[in-house]
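Shown next, in structure tokens, is the structure this report addresses.
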Amino acid sequence: MAAVGLWSMEVCVYALPTLEPLTREALGGEVIPRSVLFCAFEGVPYLLVALGDGHLFNFLVDTMSGALSDRKKISLGTQVMTALSLALSLSLTHTHARGTRQAHTHTHP
């Protein structure tokens with residue numbers, strides 16, 4: 001799957017390699033998504049969406065259908081979220097969000 005943030009304040013999930021649209025989720029508001037990231041915490045798949053106003057959405061992802069659920073929004077500051085990144089080391093999964101307040105998460109298997 002691939003996720004794309006749109007100027008229409010939406011995030012879309014597409015099947016690979018066909019790019020068939022699977023899900024379209026309106027984020028609301030007037031701020032575009034700046035960075036999107038698929039990741040898994042303790043085997044549970046998530047989609048993280050960073051907005052240009054410092055907010056971060058996270059969704060549970062159904063890996064069979066691409067459906068998004070359990071939408072949550074948190075604030076990581078008031079400025080543009082510049083990037084989401086994922087790193088795997090040993091048996092840990094790490095994510096990092098850069099904005100006016102940095103956020104780092106990690107999970108153990």
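Each reported figure results from applying straightforward, stated rules to the coordinates on display, with no laboratory input. Everything numeric here is computed off the predicted structure, so don't read it as measured data. Heads up, the Cβs are rebuilt from the backbone with ideal geometry, glycines too, and the neighbour counts pull from every protein chain shown.
Assorted remarks:
- FRET efficiency for MET64 and MET9, using Cβ-Cβ distance with R0 set to 22 Å, rounded to 0.05: 0.25
- Residues with amide H under 5 Å from that of ALA40, placed H, sequence gap 5 or more: TYR46
- Here the extension length gained between VAL44 and LYS72 equals 8.6 nm, from 0.36 nm per residue of separation less the Cα-Cα distance.
- Based on C-alpha pairs under 8 angstrom that are at least 6 apart in sequence, the stretch 6-68 has a relative contact order of 27 percent.
- Charge context of TYR14, other residues only, Cβ under 12 angstrom, K/R +1, D/E -1: 0
- Taking a sphere under 13 Å around the Cβ of VAL31 and counting the other residues whose Cβ falls inside, with K and R at +1 and D and E at -1, yields a net charge of -1.
- LEU16-GLN79 FRET efficiency (beta carbon distance; Förster radius 22 Å; 0.05 resolution): 0.10
- In this structure, the amide hydrogen of LEU76, modeled 1.01 Å from its nitrogen in the peptide plane, lies closer than 5 angstrom to those of HIS55, LEU56, counting only residues at least 5 positions away or on a different chain.
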